[in-house]
Amino acid sequence: MITAAACKELADQYNALSRVAGTTPSRASVLKNIARSFTGLSTQLDRLAALTRDDAKSNQLRLAQDNQHGRRPSPGRLAGKA
């Protein structure tokens, strides 16, 4: 699966290609649009990673609270469906 860092790198490469001497304006425009798309994908992947981390922390907290109170978590609680 592609990473946010790889998307950022690709965005930089496409931006650089859009600035190469002799590149036609229409080609430069397409290259810049591709770069923007990779930048947007990178942002979305960063957001997804943050949500995944937050969900994992929430699940760990729920499990710790259940263990503290001597409860066995139900399968729904393990999946974050409390």
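Scanning the range 36-71 for residues that are part of a helix (DSSP H, G or I), among the charged types (D, E, K, R) and farther than 27 Å from residue 1 by Cα yields 62, 66.
Can you name every residue in the range 11-35 that is charged (D, E, K, R) and either within 21 Å of residue 1 (Cβ to Cβ) or exposed (fewer than 13 other Cβ atoms within 10 Å of the Cβ) (or both)? Before you say what the answer is, go through the steps one by one.
We begin by selecting, within the range 11-35, every residue charged (D, E, K, R); these are 12, 19, 27, 32.
12, 19, listed by residue number.
Rule-based calculations on the coordinates, nothing more; no lab input. Computed from a predicted model, the values in this text were never measured in an experiment. Ideal geometry is used to build each Cβ from the backbone, glycine not excepted, and the neighbour counts take in all protein chains shown.
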